[in-house]
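Engineer: Pasting a structure below so you can have a look.
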Amino acid sequence: MEIFHISAECYPIAKVGGLADVVGALPKYQSNAGHRVRVVVPCYDTKFRKENEFECVHWGHVKLGNFNFPFNVLKETTDRLGFELYQIEIPELFDRKDVYGHQDDIERFLSFQIATLDWIIGRNEMPDVINCHDHHTGLIPFMMLYCHKYNRLQYTPSMITIHNGLYQGQFSFDKLYYVPEFDLSHVNVLEWGNCINSLAVAIKCAWAVTTVSPNYLNEINFSANGLEALFNMVRYKSKGILNGIDIEVWDPATDTALEKNYSIKNYEVGKQENKEKLCKLFNLDPTKPLFSFIGRLLEEKGGDLLPHASAVALSENYQKLNILILGSGNSMIESQLSSLLQDYKGNYNAFIGYNEELAHLIYAGADFLLMPSRVEPCGLNQMYSMRYGTIPIVRRTGGLKDTVIDFGDGGNGICHDQATVGDVCYSIQRAIKLYDDKKQLNKIRKMGMNTDHSWERVCQEYIEMYKQIIDKR
C-alpha cells in the first residue's frame, strides 16, 4: 500500500507540538510493516533543511489567484527517518523559521496543499490513500473531489486525522478565488459559520475521520468550537485511535540526553542520578519530591493555573517539595512563573523556552508530571513520563482520560476532574503522601513503565481504517 501523509509539522523537521511527534513516528512504523510511506511537509528555514541532503524530484508554479509562486519538491536522499520525506519548497512563503503565526498563513498553507496535489497528479501512479493532518491540509479532500485539474484523484481515498479541533483554519470567501477552479454548485461544501472553514471542509469531504484518542472523539461531539453538529453528522465514518509514542526515541535505557540510562530493573538508581543532575542544574533539593511541567504555557494546557498553584503548593508544603517548569507561550504566564523565583528560591525554578534534551532529562529525573489541561486531544507527555517512571498528574479530559487511571482505583497516575488551582493543589498533596509510601510509589512507577504505548498497535489500527475506505472505492 502506498500511503501519503501530508502535514504542517513532522519531527525532527519542524515541531511545535504533538502533531510533529505523530507524523514523525506513525509513518516509520507503517513503513516497517511493509508499506511504502511518503511524508510531505513545507520546506521551512530550519536546521534540518540545512544539515541534510535533498534532491529535486519535481518543480512547477502554484497559481494562487493572481499570484504565481514557483515551487520545488525536494526529497531527502537517505530515507534516514524510516520513510520517504518530501519538502515543498516555496521560497517566497516558507523561507522562514517559524511554522505558524504569519499574516499570510492562509496563503502559505493553501499554496502548500495545491503544490502537493500538483506533484501527485504529475506522477504515473496514484496513491492508495492520502492521510491529511489537521486544518493546514484540510482543503485537500475537497480539491481531490471537486477541482477540475485533480479529477484523477477523485477516487483516491482521503482521511483527515484531527490532532486539535480548536484550530480550524477559517478564512473569508473573499479569498475563494485562491481555490483551483471547480463547479460553483459545490461552493456550499466549503462553508461553515459563514466562512471557509478548512477543518470543516476536510470533515465533510474526507472518506474517513480520525481523532487521536477515543475519548476526544466523544468530547468533540459536545464541545468542538462550533463544529459539534458536523461531528455528529459524520460519526458513521469516524474513529478515535489513541496515539502511540516512538519507543526507540523515548527509551530511558538508550536515551543519550540522560545522565544515567536505566530500565525497569534498575530505575530507582537511574532516576535518582538523573534527579540529582537536574536538581544541581536548577538549584533544587534532590531529597524532596520533584514536580514538573513540560509544554506550552497556554490556557488550553492549564498553563494559567501553574503560577498560582505553584505558589499555593509551595507555601502550604514549605520545604517539602520542588517544582520545575519547562515551557513557553503566553507572555503573562511566563512573567508570573519567572517572578516566583524571588520567593521560592531553592524549591522552585523555571526554564522559559523549550529544550528537547532538557525535556528528556526532566522526564527521567522528575517524580511527578503536572498536566492540568483544559483540552488534551491525546497527550503524549503522560506517556513519555510513564515510560521514564515518572507519575503523571492529569485532569480527566481527552486522551488523558484514556491513558491515566487514578492510583486510588488501582491505576497508574493521579487524576482530578476540574482545571482549577484547588484540584491541582489537592493532587499535589496526594502525591506528596504517595512519595512517602515507597512501596506504593514504586508499584505505580513499574505499572507505568510496563504500559505498552508503542506505535505497532496504533499503526495496525490506521492500516485497518485505510483498508476499509479503499474497499469502499
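Engineer: Quick check: the angle from helix 421-436's long axis to the longest principal axis of the chain, C-alpha only, nearest 10 degrees?
Structural biologist: Result, in degrees: 60.
Engineer: Using only Cα atoms, tell me the angle between helix 306-316 and the longest principal axis of the chain; keep it within 0 to 90° and round to the nearest 10.
Structural biologist: Approximately 10 degrees, to the nearest ten.
Engineer: Further, regarding this structure: Below 13 angstrom from the Cβ of residue 407, what's the summed charge of the other residues (Lys, Arg +1; Asp, Glu -1)? Before the final figure, lay out the partial values.
Structural biologist: Working: positive: 430, 433, 439, 443, 445, 446; negative: 406, 409, 437.
Net charge around residue 407: +3.
Engineer: What does the charge count near residue 201 come to, summing +1 for each Lys or Arg and -1 for each Asp or Glu among other residues with Cβ under 13 Å from its Cβ?
Structural biologist: -1
Engineer: Enter the Cα centre distance for the pair the stretch 121-136 and the stretch 434-473, rounded to the nearest angstrom.
Structural biologist: Using only Cα atoms, the two centres lie 28 Å from each other.
Engineer: What does the net charge come to around residue 396 if you take all other residues with beta carbon closer than 14 Å to its beta carbon, with K and R at +1 and D and E at -1?
Structural biologist: -4
Engineer: Show that you can apply the helix-only estimate: for the chain, add -39,500 (n - 2.57) for every DSSP H stretch of four or more residues, divide by all residues, and state [θ] at 222 nm to the nearest 500.
Structural biologist: -11000 deg cm²/dmol
Engineer: In whole Hz, with x marking every Gly and Pro, tabulate ³J(HN,Hα) for the stretch 160-165 from phi via Karplus 6.51 cos²θ - 1.76 cosθ + 1.60, θ = phi - 60°.
Structural biologist: Residue by residue, the stretch 160-165 yields 10, 9, 9, 8, 7, x Hz.
Engineer: Can you compute 3J(HN,Hα) from phi for each residue in the stretch 259-271, using the Karplus curve 6.51 cos²θ - 1.76 cosθ + 1.60 with θ = phi - 60°, rounded to whole Hz and x for Gly and Pro?
Structural biologist: So the J values, rounded to whole Hz, are 5, 9, 7, 7, 10, 5, 6, 9, 5, 4, 5, x, 5.
Engineer: Restricting attention to the stretch 44-99, which GluC sites (Glu not before Pro) occupy a DSSP loop and are surrounded by at most 14 other Cβ atoms within 10 Å?
Structural biologist: Of the GluC sites (Glu not before Pro), the ones in loops of the stretch 44-99 whose Cβ has at most 14 other Cβ atoms within 10 Å are 53.
Engineer: Calculate the length of the line joining the C-alpha centroid of the stretch 5-50 to that of the stretch 164-192, in whole Å.
Structural biologist: Using only Cα atoms to place each centre, the spacing works out to 26 Å.
Engineer: What is the list of residues in the stretch 378-393 whose amide nitrogen lies under 17 Å from a point 7 angstrom out from the Cα of residue 263, following Cα to Cβ?
Structural biologist: Residues 387-389 fall inside that zone.
Engineer: Which entries in the list 15/237; 265/438; 275/433; 260/446 go over 22 Å, if you measure between the two C-alpha atoms of each?
Structural biologist: Where the Cα-Cα span goes over 22 Å, the pairs concerned are 15/237.
Engineer: Can you list the chymotrypsin sites (Phe, Trp or Tyr not before Pro) in the stretch 195-289 that are in a DSSP coil and have 13 or fewer other beta carbons within 10 angstrom?
Structural biologist: The qualifying sites are 222.
Engineer: What is the angle, in °, between the Cα long axis of helix 18-32 and the longest principal axis of the Cα atoms in the chain? Nearest 10 is fine, range 0 to 90.
Structural biologist: That works out to roughly 70 degrees.
A short reminder: the numbers here are calculations on the coordinates, not readings from a lab. Predicted, not measured: the structure shown is a model, and the values here were computed from it. Backbone-built Cβ (ideal geometry, glycine too); neighbour counts: all protein chains shown.
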